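See structure below.
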């Protein structure tokens, strides 16, 4: 799905929602921002730095970290291992350090482990630390994905349908987590189909249709916007 | 007794070879079907240099370096290919290296092979040197085992596993996937080069027919049978396979039937590999408890 003529700026704080009918280009936009797809034209800036054209891992290292629409856990790694692997710039990932600076590596691992355990507690997954990721329920896997993103110390996170397919209790937990993170200063940009949830947590929403941005503003205004209604319900003639 | 020592030496050489492949296959998820090329490069480099008069300990190190350089140089373009295509590229590379050994007669003497490769001077030549050679192999296997275990239990090994499990997630988490793979293949190639050099100086004669796809399949079988992604798996696999292979010698096969039975070995190995992949992909020592 092509995305064209989309231009917007996200402020420094809060939670922004990206909504639109299926196939309107939301996930494509995420791929373009995070470097998984290359832009044909245009540019993306993150904290005043041009990031379009950079490899996905470089963009992630700058603090702009994403999840995927389809849950992607690391099936044969434990929950704790998954979180520890997500820590950025690990000294023990350099071959030379492993043999020449073993102390620094084990010290970093200790801190890494503590932080992973804190995040497990935050997500209420502590009891599952040693489970393989593939053994978790779908909802727990979604939480683990969020935990993985948090381990990478992001400044901004892009969540692609974080509540799709999980039960209402877990959705409540997730909403609280997102609000807590936002209060801690992490900028959140999420694709979501659950409109009541979007209206609850997002200060601002962007609406896309057929690859274009058709609305930017408060969620309450979107509901009265003719173009938004048309995009969701088809042409106004039929809607009536 | 000498025969037992011989089998142990071969098993240990294959253990090092299997450990090196496991780093790529087991930990990084890279199906390298040309791994024998680095075994061969290590063997030929060390053999040729030692025949030229350099001390064996030095030529073995040079053999490892050459294998590592070749591995890195192959990895840079080949790793831009994904999944199966990487397998095909490495398969082709393995054949290219074998054909190089076969055709560059000025250097490798072609199909005649290289006879009279010296053993390290502090190890006796011929049968008298067997126990010392076993000691050398055991020591090197131990060092390689400890080194690879250190790598795979460090964050480096964990990052390799993330790449194996899901490259997109690895990228999203800020891992430089290409660099991690190149490093895994380079280290794997250096260790394969060590195994190859040991082989050359142990057998004392090498020819291009020692470095065919069959050897890659054999070492692949060692890794898969033993348990990929584990530290002990490749060693167990190598010991089981080599002892099994040697035990076949004692089968009472009438000489007339020998030429029909010999190719069966390949069929048995190939069949076992397919069976394991289908029925027990985790091998004898599974990476995770079921």
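Each reported figure results from applying straightforward, stated rules to the coordinates on display, with no laboratory input. Values in this document were obtained by computation on a predicted structure and should not be read as measured data. Positions of Cβ are backbone-derived with ideal geometry, glycine not excepted, and every protein chain shown enters the neighbour counts.
The orientation-averaged projection of the convex hull spanning the C-alpha atoms of the protein assembly as shown amounts to 30.5 square nanometres.
Here the ratio of the Cα radius of gyration of chain B to 2.2 N^0.38 Å is 0.98.
Which one of B:151, B:102, B:251 has the biggest mean-square fluctuation once chain B is modelled by GNM with Cα springs under 10 Å? Judging by the Gaussian network model, the answer is B:251.
For chain B, the longest principal axis of the C-alpha atoms and the axis of helix B:2-22 are separated by about 20°.
Just checking the listed ones, A:27, A:169, A:180: in the Gaussian network model of chain A with Cα springs under 10 Å, the one fluctuating most is A:169. For residue A:225 and residue A:131, a Förster radius of 35 Å and the Cβ-Cβ distance give a FRET efficiency of 0.20, rounded to the nearest 0.05. Site pair residue A:115 and residue B:213 shows an inter-label distance of 4.7 nm when each label is modelled 7 Å from Cα along Cα→Cβ. The Cα atoms of the range A:75-135 define a convex hull whose projected area, averaged across directions, is 4.4 nm².
The C-alpha atoms of chain A define a longest principal axis, and helix A:138-151 lies at about 70 degrees to it. With viscosity set to 1.306 mPa s and temperature to 10 °C, compute the Stokes-Einstein D of chain A, Rh being the Kirkwood radius across alpha carbon pairs; µm²/s, no decimals. Value of D from the Cα-based Kirkwood radius: 83 µm²/s. Within 10 Å of the Cβ of each residue in A:85-96, the mean number of Cβ atoms contributed by other protein chains is 6. If you plug the beta carbon distance of residue A:216 and residue A:122 into 1/(1 + (r/R0)^6) with R0 = 22 Å, you get a FRET efficiency near 0.10. Relative to its Kirkwood radius, the Cα radius of gyration of the range A:11-101 gives an Rg/Rh of 1.04. The calculated FRET efficiency for residue A:199 paired with residue B:179, based on their beta-carbon distance and R0 = 56 Å, is about 0.80. In whole angstrom, note down how far apart the Cα centers of the range A:164-240 and the range A:1-65 are. The two parts, judged by their Cα centres, are 17 Å apart. Model label sites at residue A:172 and residue A:104, defined 7 Å from Cα along the beta-carbon direction, differ in position by 4.8 nm. By the count of other C-beta atoms within 10 Å, a proxy for reagent exposure, B:201, A:57 are ordered fewest to most as A:57, B:201.
Return, ordered by residue number, the residues of the range B:141-181 whose backbone nitrogen is under 17 Å from a label point located 7 Å along Cα→Cβ of residue A:69. Counting backbone N atoms under 17 Å from the label point, the list is B:168-169.
Rounded to the nearest 10 degrees, the angle from helix B:56-78 to the longest Cα principal axis of chain B is 40 degrees.
Would the range B:68-192 count as rounded, prolate or oblate if I go by the C-alpha gyration tensor, calling it rounded below 1.5 in a/c and otherwise prolate when a/b exceeds b/c, oblate otherwise? Oblate is the answer for the range B:68-192, as a/c is 1.5 or above yet b/c matches or exceeds a/b. Note on residue B:84 and residue B:280: their simple-model spin labels are 2.8 nm apart, each label 7 Å out from Cα toward Cβ. Extension gain, residue B:272-residue B:246: 0.36 nm per intervening residue step, less the Cα-Cα distance, totals 7.7 nm. Computed over chain A with a Gaussian network model linking Cα atoms closer than 10 Å, the most mobile of A:89, A:12, A:22 is A:89.
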